[in-house]
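Novice: Okay, here's the structure, questions in a sec.
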Amino acid sequence: MSSRTDVLLIYPYFHREPGWRKLWLFPPLGLGYLASVLRESGISVSILDGTFMLPEELIKRAQELSPGVVGIYCMVTMRDNALKVARALGNRPDKPLLVAGGPFPTSEPGKFLEDFDVVVLREGEQTMLELVKRHLAGKELAGIKGIALMDDSGIMKMDLREYIENIDSIPHPARDLFENRKYMKYWEKKFGYSCTPVITTRGCPYNCDYCARPVFGNHYRERSFQDVIGEVEEVLELGYGRVWFSDDVFTLNKERIMKLCNEIKRRRLVFTWDCLCRVDNVDFELFKNMREAGCARVLFGIESGDNGVLSMLNKRFTVTEAQNAVMMAKKAGIEVGTFFMVGYPGETEETILRTIRFSTRLPSDYLSYTLPYPLPGTGLYKKLEDRLTRDEWKMAGHNLLMFRGDFSQVKLRFAIFKGIVQHKLRKNGYARLADGFEAVTDNMFKMLR
């Protein structure tokens, strides 16, 4: 190969949000895993992360590297950027092999094969390694498990690869290729501390109606707590002071998390961390140990304050369980963040108001609402497929209504506004004012279409 790097991995997110927004920005962990696997096999690899670049700068730097293979990660909000980069690189005489991967290409490979040569489906470590080796050796890509591509007659061919069972066998992400200093500077400026992700499990065994798991699927697998601790130590050596354990269900195996916490304490590792929990597999003993091991905040995807809607969402827990989990975490001294949706198909005015009432009375330190987003492959998407009115959100937090439903976007956004105000009033000790505001805005909400 005459290229300066065999493989270039691109993260086409360009941070252009208003300065007042405090988004959690993280380096592309998935690309870090791919890079470490490729390097382990002697393949040269670089990562270009667009977060702190302009698109034109990223494209120029990608062209200067003259890679043989370019892998571009894509989720829903990145589609336009991913296609722009792919087209810019694909129109050159020294065109590299263009590979798309990530949640969106896995869910909708056909939407990418006009601009990309191949799509890597689901987990990419083993597939990308085989694909790159074959391409660099001048061999055909057909027959590789875990890819989608067009054959000579224009028909899409795809074959899934089995999930990696022993995820301890995957080398830790190549964090030396991340823009660590820039991320630390951003976090320090926005939040007063620096934070980066570590994932300790893959897959989620639950089947929430709105949730897509195209990359890791339902097949739940765990890393050993010893391997996780080893990676945490690497992160701390880089200078980060906080870790985001980015698992879908971090606390699913209580015994494992208890061992992880005990090991953190035994090694006297000094850092704080956040994680995402379900409300039905936690207890006070677990939260107490987590807090002693540095847990600063837990996040709960509760989604509704109505048991009927929770059943419709296939959440498999109740409002009472949600309230108990929040209260236990707070009792243990852990901050709590809660997430809710409004306007799910089948909701009524009363279920939405019930969600607002419930969510604003929880002692959440952080509260977020969103509108339902019909991701391909979900039960929600199947319900709404013939009622979709938009393509996708173009930026994080766009929060647009994408389907024809029983409620307008204005009405649902008003519900979100009133929930945020009610929560802030109660959080700051103005309960009576919150009650009055709630009564007035309940009636206003009912008047909106």
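Read-outs throughout are calculated quantities, based only on the coordinates presented, and are distinct from any laboratory measurement. Note that the structure is predicted; figures quoted are calculated from it, not measured. A quick note on method: Cβ atoms are made from the backbone with ideal geometry, for glycine too, and the neighbour counts reach across all protein chains shown.
Novice: Considering amide H positions built from the backbone, and no H for Pro or chain starts, which residues 5 or more places from LEU276, or on another chain, come under 5 Å of its amide H?
Specialist: Amide H neighbours of LEU276: ASP247, PHE250, LEU299.
Novice: Treating the angle as unsigned and between 0 and 90°, give the value, to the nearest 10°, between the Cα long axis of helix 79-90 and the longest Cα principal axis of the chain.
Specialist: 10
Novice: Let me ask something else. If you take the charge dipole of the chain about its Cα centre, with +1 on Lys and Arg Cβ and -1 on Asp and Glu Cβ, which of LEU433, PHE26, SER408 is farthest toward its positive end?
Specialist: The Cα lying farthest towards the positive end belongs to LEU433.
Novice: State the Kirkwood hydrodynamic radius of region 7-159 in Å, one decimal place, computed from all pairs of distinct Cα atoms.
Specialist: For region 7-159, the Kirkwood estimate is 15.7 Å.
Novice: Follow-up. Quickly work out the SER408-to-LEU23 label distance, labels modelled 7 Å from Cα along the C-beta direction, and quote it in nm with one decimal.
Specialist: The answer from the label model is 2.9 nm.
Novice: Let me ask another. Can you give the angle from 0 to 90° between the axis of helix 125-136 and the longest principal axis of the chain, with both taken from C-alpha atoms, to the nearest 10?
Specialist: Between the helix axis and the principal axis of the chain, the angle is about 20 degrees.
Novice: In this model, which of LYS254/LYS427; LYS84/LYS111; LYS288/LYS331; LYS22/LYS60 are farther than 19 Å apart at the alpha-carbon?
Specialist: Among LYS254/LYS427; LYS84/LYS111; LYS288/LYS331; LYS22/LYS60, the Cα-Cα distance tops 19 Å for LYS254/LYS427; LYS22/LYS60.
Novice: Something else now. Between GLU64 and LEU160, what is the label-point separation in nm under the 7 Å Cα-to-beta-carbon projection?
Specialist: 4.2
Novice: If you don't mind, there's one more thing I want to ask. Just to confirm a number: summing +1 for Lys and Arg and -1 for Asp and Glu over residues other than LYS189 whose beta-carbon lies under 15 angstrom from that of LYS189, what do you get?
Specialist: Its environment carries a net charge of +4.
Novice: Could you tell me the calculated FRET efficiency between ASP283 and SER153, based on Cβ-Cβ distance and R0 = 51 angstrom, to the nearest 0.05?
Specialist: According to the calculation, E is roughly 0.30.
Novice: Which angle between 0 and 90 degrees, to the nearest 10, do you get for helix 431-447 versus the longest principal axis of the chain when only C-alpha atoms count?
Specialist: Between the helix axis and the principal axis of the chain, the angle is about 70 degrees.
Novice: Quick one: dipole size for the chain, taken about the Cα centre, charges +1 on Lys/Arg Cβ and -1 on Asp/Glu Cβ, in debye to the nearest 20.
Specialist: So the magnitude is around 1380 debye.
Novice: Place a +1 charge on the Cβ of each Lys and Arg in region 152-262 and a -1 charge on the Cβ of each Asp and Glu, then give the dipole magnitude about the Cα centre in debye, rounded to the nearest 20.
Specialist: 480
Novice: Under a point spin-label approximation (7 Å from Cα along Cα-to-Cβ), what is the GLU40-MET327 distance to one decimal in nm?
Specialist: So the label points at GLU40 and MET327 sit 4.7 nm apart.
Novice: With +1 on each Lys and Arg Cβ and -1 on each Asp and Glu Cβ, how big is the dipole of region 87-162 about its Cα centre, in debye rounded to the nearest 20?
Specialist: For region 87-162, the charge dipole is close to 160 debye.
Novice: Rank LEU54, TYR73, ILE43 by how far each Cα sits towards the positive end of the charge dipole of region 7-159 (+1 on Lys, Arg Cβ; -1 on Asp, Glu Cβ) and give me just the farthest.
Specialist: LEU54
Novice: What's the local net charge at GLU347, with K and R +1, D and E -1, over the other residues with C-beta under 13 Å away?
Specialist: Local charge sum for GLU347: -3.
Novice: In deg cm²/dmol and to the nearest 500, what is the mean residue ellipticity at 222 nm of the chain if only DSSP H runs of at least 4 residues count, each as -39500 (n - 2.57), divided by the residue total?
Specialist: For the chain, the value works out to -12000 deg cm²/dmol.
Novice: FRET efficiency for ASP442 and ASP227, Cβ-Cβ distance as r, R0 = 45 Å, nearest 0.05?
Specialist: Calculated transfer efficiency: 0.35.
Novice: Give the long-range amide H neighbours of ILE302: residues separated by 5 or more places, or on another chain, with amide H under 5 Å away, using H modelled in the peptide plane at 1.01 Å from N.
Specialist: Those lying under 5 Å, H to H, from ILE302 are PHE339.
Novice: Follow-up question, since we're still on this one. If you build the convex hull over the alpha carbons only and average its shadow over all orientations, what do you get for the chain? Give it in nm² to one decimal.
Specialist: Hull-based average projected area comes out at 21.8 nm².
Novice: Gain in length, TYR366 to GLU57, computed as 0.36 nm per residue apart minus the alpha-carbon separation, to one decimal in nm?
Specialist: Full extension from TYR366 to GLU57 adds 107.7 nm.
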